[in-house]
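The next block holds one structure in the form of structure tokens; read it before the comments.
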Amino acid sequence: KTPLISMISMVEQMESRLKTAHYPQALEISKNISMLSQYTIFLIDDIINYSSGDNRELVISQEPIRIVQLLEFCYDIMKCLIKYGTGKKSKMCAKIKLEDGMEDIVITSDPLRLKQILLNFISNAIKFTKVGYVLIAAREIKGQIIIYIKDTGIGMQDNILKMLLAENEEHREINMSI
């Protein structure tokens, strides 16, 4: 964890120099490094806390989260993964969609766990999308906030999808309360 904290400090110093030197692309990269590094520290802390305890229970927090901030965080990481994580010139783009009224919506959840779940879906969408887009979006339906990831990737084969749905028949509608 200590090397990562040192790296964040170096990136922050680099960011302040890049702001005055007017290198927008380099500044964007350094901000992405900083954001991903800080997120990684949270994950490392979580692993350390879990593995060092006698209880070994995963602590789920309940904190207010603004939907717009959550989606923008995931969107920024998604852009970074598409631009720098694919290893080649990508033929896909990142998109974000917030329906009217979502700007002021606040939910109560565990921000770290929710980000982990969404970023896992985003990572899989990017992995299986060669051309097109990956979209993160939120909307309200009958008083529930629906956050979803949509992509133009290959999708799942019908037989695998049927098997997953059959195994989880009673869980077709997932109500995430974390």
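The values are calculated or read from the model by the stated rules, or taken from the named source; none is laboratory data. Please read these numbers as outputs of a predicted model, since none were measured by experiment. Ligands, DNA and RNA are excluded from the accessible area calculation, which covers all protein heavy atoms including side chains. Shrake-Rupley method; radii C 1.70, N 1.55, O 1.52, S 1.80 Å.
Some observations on this one:
- Tensor-based shape of the range 26-79 (alpha-carbon gyration tensor, a/c under 1.5 rounded, otherwise prolate or oblate): oblate
- For the range 2-117, a/c is not less than 1.5, where a ≥ b ≥ c are the root eigenvalues of the C-alpha gyration tensor, and a/b does not top b/c. That puts it in the oblate class.
- Per-residue [θ]222 nm for the chain (sum of -39500 (n - 2.57) over DSSP H runs n ≥ 4, rounded to 500): -18000 deg cm²/dmol
- Rolling a 1.4 angstrom probe over the chain with all protein chains present gives an accessible area of which 56% lies on carbon and sulfur atoms.
- In degrees, nearest ten, helix 111-127 long axis to first principal axis of the chain (Cα): 90
- Computed lengthening from ASP158 to PHE128, 0.36 nm per intervening residue step minus Cα-Cα distance: 9.2 nm
- Overall form of the range 57-115 per C-alpha gyration tensor (a/c, 1.5; a/b vs b/c): oblate
- The residues of the chain have, on average, 68 Å² of accessible surface per residue, using a 1.4 Å probe with all protein chains present.
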